[in-house]
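See structure below.
The values are calculated or read from the model by the stated rules, or taken from the named source; none is laboratory data. All values derive from a computational prediction rather than experimental measurement. Cβ placement follows ideal geometry from the backbone for every residue including glycine, while neighbour counts extend to all protein chains displayed.
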């Protein structure tokens with residue numbers, strides 16, 4: 001069961017030939033999400049051979065151009081490709097107005113509905129839930145209202161042990177009870193659940209911490225996350241610049257990863273002034289060893305913990 | 001003296017890996033203009049190694065996303081690169097509001113001024129003039145208000161003949177009069193201008209006819225143009241679709257080129273449904289032989305007519 005994060009853009013506000021602005025595409029058990037949508041995201045989707053029309057949910061962290069300017073073009077493309085199903089957009093409220101004004105100016109009429117969910121910047125909220133996963137916002141500290149997102153896969157049902165079921169001749173009607181972790185009663189005999197089941201895999205999680213300065217307050221919301229994306233616009237050599245622009249360094253990102261006990265840290269949103277991102281990995285690894293500096297086109301698979 | 005047109009985007013509303021949406025970069029005697037600015041234009045500028053900061057004038061034909069959605073990102077990039085000089089934008093009035101709202105939402109404060117000139121869609125106007133060139137709008141017939149642009153290089157001064165000047169010992173003080181085409185008086189003798197000067201090169205011209213259905217009314221405005229760009233979204237096999245969407249076929253574009261006696265026709269804005277654009281050239285050449293189907297990255301130089 002897939003849980004993959006495709007990096008469509010790993011750069012910051014100044015796009016370069018090799019780094020587009022931020023966009024991550026998430027496939028969690030064939031639910032398809034897009035997180036942030038910088039200019040050029042639709043071309044990045046094409047390059048990564050990802051299907052536009054599978055996307056059902058788009059999450060926008062904040063309204064700096066490098067995180068949303070590709071959205072209008074993408075929504076137009078959905079329309080040109082004949083989309084009929086609703087798209088769900090979770091974003092700062094003001095975005096709805098910007099979208100409406102564009103579509104009014106271009107006299108475009110979409111053949112599908114936009115279900116717009118306004119995010120709050122100051123509190124963490126559950127903004128989506130189905131039977132597979134939930135999404136909560138993570139308030140971040142940036143120059144303008146900005147949220148991260150944590151996607152948590154739901155815990156699976158308990159795993160049945162076929163040999164034990166057969167040995168005790170357990171009728172199928174009782175399987176669901178067992179999967180739910182309950183004991184069962186058969187021929188007036190109470191049988192303990194653990195005879196018949198194994199622990200399921202733990203639900204996996206991905207946290208996307210978009211533009212933010214160092215902010216320990218996010219730690220309780222992302223505790224034990226499997227994969228943490230945290231921005232690292234600068235190295236420590238530009239600490240002043242990071243502070244001034246409400247961004248983080250690789251050092252900051254690694255500190256957060258360590259504090260929240262992440263399994264793995266991926267860093268991006270690199271300032272265009274740096275040509276070589278190996279220094280970012282080096283700086284972060286001093287604090288948190290399992291760190292990767294991302295590139296456009298990368299794909300990170302989140303495995304079940306053994 | 002340069003007059004070059006760089007094609008940054010030759011596709012239409014559905015961008016593909018090989019064709020970005022519309023944007024043309026014009027260098028006329030080191031005056032740098034951008035015409036239309038679809039999503040991704042700033043990356044196309046980088047790929048073509050053109051200097052962002054040299055651009056002083058941006059012309060936007062209409063407010064369909066594939067003609068302007070790269071503008072906000074480009075203006076932000078100007079700012080990040082430290083631009084101080086004013087940028088002149090010529091576009092439908094509504095664009096100003098869209099820009100203002102974006103910059104308000106992102107709390108961005110530009111370090112340079114935008115001089116916004118609203119274009120009228122129904123009449124041709126001179127919207128720019130300096131000592132090198134003029135720009136006039138061309139009303140087009142599209143689904144929403146849309147203008148093309150014609151850039152006309154000014155006629156040069158007459159060329160002096162050094163040998164004749166020397167022979168008659170003409171003082172330098174009279175050179176300007178001669179260049180302006182006037183006769184001169186020397187030692188009470190009237191001397192005809194043509195003894196001392198040759199005809200200058202004729203001013204060159206480039207017409208950009210953005211999204212439009214077939215529209216003969218534009219012909220008087222682009223008569224004898226040196227280089228004509230005319231959209232050709234479809235082939236004649238999609239005549240119904242062209243009519244319905246207020247676009248042209250290669251056949252339509254070629255008819256306009258013939259009627260206005262253009263020297264050369266370049267066609268683009270190809271619908272993404274066509275993989276091979278040689279059929280566009282073929283269809284157009286039946287009517288107007290000097291036709292080229294453009295590609296991203298092409299550069300067309302407009303030479304002086306010998």
Taking the range B:49-60 and keeping only residues that are away from every other protein chain (no Cβ under 11 Å) and either closer than 18 Å to residue A:103 by Cα or not in a strand (DSSP E or B) (or both), one is left with B:50, B:51, B:53, B:54, B:60
Every listed condition ((1) in a helix (DSSP H, G or I); (2) under 23 Å from residue B:25 (Cβ atoms)) holds for residue B:174 save (2)
Per the filter on the range B:92-151, residues assigned to a strand (DSSP E or B) and over 19 Å from residue B:256 (Cβ atoms) are B:114, B:115, B:116, B:117, B:118, B:126, B:127, B:128, B:129, B:133, B:134, B:135
Checking A:267, A:287 in turn, the sole residue that is in contact with a helix residue (DSSP H, G or I) (Cβ under 8 Å, 6 or more places away or on another chain) and not in a loop (DSSP other than H, G, I, E, B) turns out to be A:267
Among (1) closer than 24 Å to residue A:100 by Cβ; (2) more than 8 Å from every other protein chain (Cβ to nearest Cβ); (3) surrounded by fewer than 22 Cβ atoms within 10 Å (Cβ to Cβ), residue B:32 falls short only on (1)
- request: Would you check if residue B:255 is closer than 29 Å to residue B:40 by Cα and either outside any strand (DSSP E or B) or in contact with a helix residue (DSSP H, G or I) (Cβ under 6 Å, 6 or more places away or on another chain) (or both)?
  value: no
Being modelled with pLDDT under 95, surrounded by fewer than 24 Cβ atoms within 10 Å (Cβ to Cβ) and more than 15 Å from the chain's Cα centre (by Cα) narrows A:185, A:245, A:197 down to just A:185
Scanning the range A:200-238 for residues that are within 17 Å of the chain's Cα centre (by Cα) and in a strand (DSSP E or B) gives A:205, A:206, A:207, A:208, A:209, A:227, A:228, A:229, A:230, A:231
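The rows are residues; the columns are (1) in contact with a helix residue (DSSP H, G or I) (Cβ under 6 Å, 6 or more places away or on another chain); (2) surrounded by 21 or more Cβ atoms within 10 Å (Cβ to Cβ); (3) away from chain A (no Cβ under 14 Å); (4) in a loop (DSSP other than H, G, I, E, B).
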{"residue": "B:1", "(1), (2), (3), (4)": "no, no, yes, yes"}
{"residue": "B:14", "(1), (2), (3), (4)": "yes, no, no, yes"}
{"residue": "B:20", "(1), (2), (3), (4)": "yes, yes, no, yes"}
{"residue": "B:26", "(1), (2), (3), (4)": "no, yes, yes, no"}
{"residue": "B:62", "(1), (2), (3), (4)": "no, yes, no, yes"}
{"residue": "B:66", "(1), (2), (3), (4)": "no, yes, no, no"}
{"residue": "B:79", "(1), (2), (3), (4)": "no, no, no, no"}
Looking across the range B:81-94 at residues that are more than 9 Å from every other protein chain (Cβ to nearest Cβ) and crowded, with 17+ Cβ neighbours inside 10 Å, the single one that is nearest to residue A:16 (Cα to Cα) is B:83
